[in-house]
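Scroll down for the structure; my scribbles are underneath it.
The values are calculated or read from the model by the stated rules, or taken from the named source; none is laboratory data. Since the structure is predicted, the reported quantities are computational estimates derived from the model, not experimental observations. Counting neighbours? That spans all protein chains shown, and the Cβs are built from the backbone with ideal geometry, glycine included.
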Amino acid sequence: MKTMRRALCLILSVLMIAAATFPTANACWGIRKEHSYTISEDLQKEIEKVYSRYNFSVAWGLYDISGNALREVASYRADKSFQSNCTIKAMMLLYICRQMDAGKLSLDTKIRVNRGKLHYNDFGASSGTYTVEYLLQRMIHVSNNCCYEIFLRLIGREKFNAFLKSIGSGTVVESYNYMGNCIVRDRATEWFELYNYCHSGAKHASHAWNLLCKAKYSPIRDGIGRPAAHKSGWHYESGVYGTAGDCAVVQTDNGGCYLMVMFTKNNVRGKYSQALMRELAVALDHVWDEYYGSLPRIRRKTAPF
């Protein structure tokens, strides 16, 4: 009997040590997730009403970036591939800024541009020599395609793709005349890296952030009616919007900071991409309010905007 009791005590001791050392699956999930959230029925209906007004394919993700991790609040088809369009230019901005931080380029570095060798034709200037600062400003502020292509050819697709992979993204740029496809979750991963860089104190961090805050076009920003750091993109088909996307970091009225990423594709041609994205941004902003209000106070952090 004593031997059996000792054996049982030994087994219990081992199990207690193991439980402390190796958390159960539920415990791991709890630590990683920290706060479970499900969109309320009223807000789900609000989002579905937006869908019903347009004949579009849509994907989106809403992320809490107030803390030290990229925390998904809610998403829809976040792993479905969509045409990336000009949203990729924000990642080019990050790459070039890091190259400048490393001393390999500077804002004053001059790059020779031969318009005749570029696939895109929206440069708006003659062939000549232009500074990195000018090309970055045009690439982000008015989404100039030639400026993006100039940078991509300067650094090479292989290096750019390796950079995207290094930050945990599965996005791959496969040619110089197409900006590729991506999924919402990869673009969110990229933007979280960009956001952290812009608030890192790096030499060119504030320059990158200012460019994103002053970018001209953003359905998300226009929909919610508040300042945002953003980069949108779209593709025309015979004068109408074929595909579109937008990524935006928003400082909210109730505190905290979120990242919103969305992509759309016309199922039937029409000029409604921007209207759809504006309305969807409003609905997802309401989702944020509900989510953030449900957080324990200890989890409510205000991130730098």
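Please pick out the residue among ALA208, ALA215 that is surrounded by 17 or more Cβ atoms within 10 Å (Cβ to Cβ), in a loop (DSSP other than H, G, I, E, B) and not basic (Lys, Arg).
ALA215
Given the condition among the basic types (Lys, Arg), in a strand (DSSP E or B) and at pLDDT 85 or above, answer yes or no: does some residue in the range 274-284 qualify? Spell out how you get there, then give the answer.
Let us first name the residues in the range 274-284 that are among the basic types (Lys, Arg), namely 278.
After this cut, where a residue has to be in a strand (DSSP E or B) as well, the list is none.
Looking through the range 274-284, none of the residues is among the basic types (Lys, Arg), in a strand (DSSP E or B) and at pLDDT 85 or above.
Out of the residues in the range 42-69 that are assigned to a helix (DSSP H, G or I) and hydrophobic (A, V, I, L, M, F, W, C), which is farthest from PRO304 (Cα to Cα)?
VAL50
Return only the number of the condition from (1) surrounded by 14 or more Cβ atoms within 10 Å (Cβ to Cβ); (2) free of Cβ contacts under 8 Å to residues at least 40 places away in the same chain that LEU152 does not satisfy.
Of everything listed in (1) surrounded by 14 or more Cβ atoms within 10 Å (Cβ to Cβ); (2) free of Cβ contacts under 8 Å to residues at least 40 places away in the same chain, LEU152 misses just condition (2).
Residues that are of a type in the set (Asp, Glu), under 23 Å from ASP246 (Cα atoms) and out of contact with any helix residue (DSSP H, G or I) (no Cβ under 9 Å at 6 or more places or on another chain): which helices (runs of 4 or more DSSP H) entirely in the range 109-177 hold 1 or more of them?
The helices (runs of 4 or more DSSP H) meeting that bar are 145-155.
Looking at the range 213-227, is at least one residue touching a strand residue (DSSP E or B) at 6+ places or on another chain (Cβ under 6 Å) and modelled with pLDDT under 90?
Taking every residue of the range 213-227 in turn, none turns out to be touching a strand residue (DSSP E or B) at 6+ places or on another chain (Cβ under 6 Å) and modelled with pLDDT under 90.
Hey, among the residues in the range 35-71 that are surrounded by fewer than 17 Cβ atoms within 10 Å (Cβ to Cβ) and of a type in the set (Asp, Glu), which one's nearest to the chain's Cα centre (by Cα)?
GLU48
Any idea which residue in the range 228-245 is surrounded by the most Cβ atoms within 10 Å (Cβ to Cβ), counting only those that are at pLDDT below 90 and part of a strand (DSSP E or B)?
TYR241
Restricting attention to the range 172-228, report how many residues are aromatic (Phe, Trp, Tyr) and in contact with an Asp or Glu (Cβ under 7 Å, 6 or more places away or on another chain).
1
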